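The block underneath contains the structure these notes are about, expressed in structure tokens.
The values are calculated or read from the model by the stated rules, or taken from the named source; none is laboratory data. Just so it is clear, the model here is predicted, and its values are computed rather than measured. Backbone-built Cβ (ideal geometry, glycine too); neighbour counts: all protein chains shown. All accessible areas refer to the heavy atoms of the entire protein, side chains included, with ligands and DNA or RNA removed. Shrake-Rupley method; radii C 1.70, N 1.55, O 1.52, S 1.80 Å.
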Amino acid sequence: MWCRRLAWLLRGQQRGSTRCRWPWLSRDTGTILAVPARCRPTAPESPWCAWQLHRDHLELRYGNTLMRLDFVWLRDHCRSASCYNAKTNQRSLDTASVDLAIRPQAVRVDETTLFLTWPDGHVTRYGLEWLVKNSYEGQKQQVMHPRILWNAEIYRQAQVPSVDCRSFLETDEGLKEFLQNFLLYGIAFVENVTPTKEDTAILAERISIIRETIYGRMWYFTSDFSRGDTAYTKLALDRHTDTTYFQEPCGIQVFHCLKHEGTGGRTLLVDGFHAAEQVLRRAPEHFQLLTKVPLKHEYVENVGGCHNHMIGVGPVLNVYPWNNELYLIRYNNYDRAVINTVPHDVVRRWYHAHRALTTELRRPDNELWVKLKPGKALFVDNWRVLHGREAFTGYRQLCGCYLTRDDVLNTARLLGLQA
């Protein structure tokens, strides 16, 4: 198919394109091919490459990836010493100084590299593998955050191990195992933690800075109605994500049950991404609507000395637009504000979409129930996994905190994990 496309391009270019100064280039010899009789592969071990100049971009085929690279983009991302500081990994080139009508004077491709000579004589070099990885077309083929989507049975069968507290705190191996579990499943457990708020804080700080919020740095609660939130009761809590009323919901939540003298109180966990994937498969129009309609979530509190009014805005599902990969679910029926950001002709369709997602989230086979006990700390990806609680009796004491997502992902990347 690519051979036929080459012949077509050589006979009469696409609309808006110009004739190539160097029509086609063989990567094995660097020889210009005026009109190739057949597609010529490169060395057997390396992908095949061909290119063509258009009015404002370079079209480059490398292996199975067809890239369209704008000339301004190619100049802006130059990695030469004068344009990019390799020590700090920061751009030195002033993007605003690049001529928006810039066009290379010469283009050359060898076995592994694209060379562009600009009108001022500056030469930009790009590795072809780098271009595949960093081009828009390459990014569309890549997953930002590898994950394993799960329901209760999938998670149980995976037999994901908890990590011992000492190994977690004192070894890179233990920390890496914990973070790998967390990245893949959105939840992870640490065992044998001393059941105190102070020791839980030490645990959390191993992977992140603790995020201080309106609830303080480390929160500590019982069913004493001390805050204007249903969590501070003995009532059951339906599945939800936390801090939907923040402009940026907290990334990770830590739970540690310090004491429970009574019955009930199991923690409910649901993989929101798994549920959303089912909606996408069964009713893609519902999925797309949930990624586009912005909603307000609100928290109003006037209890004792606590006076807060928080409002966060965003769609229920958040995706990377270039590959439709889900990265955040904002779902909390308790805190959703009045729907006044959705026009009449959309609002009923939104309710249908929301119902479809809620149905998936409430399927019994998606519910993982866990009894939290003193010494077992739970880390939850609040951008992915919904949590809830069954009603309980007696005295129950929990502590926990929120962690900054950037710091957790930074720790994972430093240990060689994709995050």
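Observations, loosely collected:
- For the chain, accessible area per residue (1.4 Å probe, heavy atoms of protein chains only), Å²: 49
- The share of accessible area on the stretch 138-282 that comes from carbon and sulfur is 48 percent, using a 1.4 angstrom probe.
- Electrostatic dipole magnitude of the chain [Cβ: Lys, Arg +1; Asp, Glu -1; Cα centre; debye, to 20]: 1500
- Annotation for D99 and N323: the two label points, set 7 Å from Cα along the Cα-Cβ direction, are 3.6 nm apart.
- Convex hull of the stretch 64-187 built on C-alpha atoms - directionally averaged projected area, nm²: 12.3
- For the stretch 81-152, convex hull of alpha carbons as volume per residue, Å³: 173
- Two-decimal ratio, the stretch 186-307, of alpha-carbon radius of gyration to 2.2 N^0.38 Å: 1.26
- Listed cross-link partners K259/K376; K176/K371; K87/K176; K176/K197; K140/K296 are compared with a 20 Å cut-off, the Cα-Cα value being larger for K176/K371; K87/K176; K176/K197; K140/K296.
- Base-10 log of normalised Debye intensity for the chain (one unit scatterer per alpha-carbon) at q = 0.08, 0.10, 0.11 Å⁻¹: -0.61, -0.84, -0.94
- The trypsin sites (Lys or Arg not before Pro) of the stretch 311-419 that meet both conditions, a loop assignment by DSSP and at most 12 other Cβ atoms within 10 Å of the site Cβ, are K371.
- Counting Lys and Arg as +1 and Asp and Glu as -1 over every other residue whose Cβ lies under 12 Å from the Cβ of I311, the net charge comes to 0.
- Acute angle (nearest 10 degrees) that the helix 172-185 long axis makes with the longest principal axis of the chain, alpha-carbon atoms: 90
- Counting only alpha carbon atoms, the long axis of helix 272-282 and the longest principal axis of the chain meet at about 60°.
- Folded to 0 to 90 degrees: helix 2-11 orientation relative to the chain principal axis, Cα: 50
- Amide H partners (placed H, <5 Å) of W150, local residues excluded: H274
- Other residues whose C-beta falls under 12 angstrom from the C-beta of G388 contribute a net charge of 0, scoring Lys and Arg +1 and Asp and Glu -1.
- Positive-end residue of T359, T263, H307, charge dipole of the chain with Cβ unit charges: T359
- Most positive-pole-ward Cα, F168, I154, N181, against dipole of the stretch 127-185 from beta carbon charges: I154
- Of the solvent-accessible surface of the stretch 295-411, computed with a 1.4 Å probe and all protein chains present, 53% belongs to carbon and sulfur.
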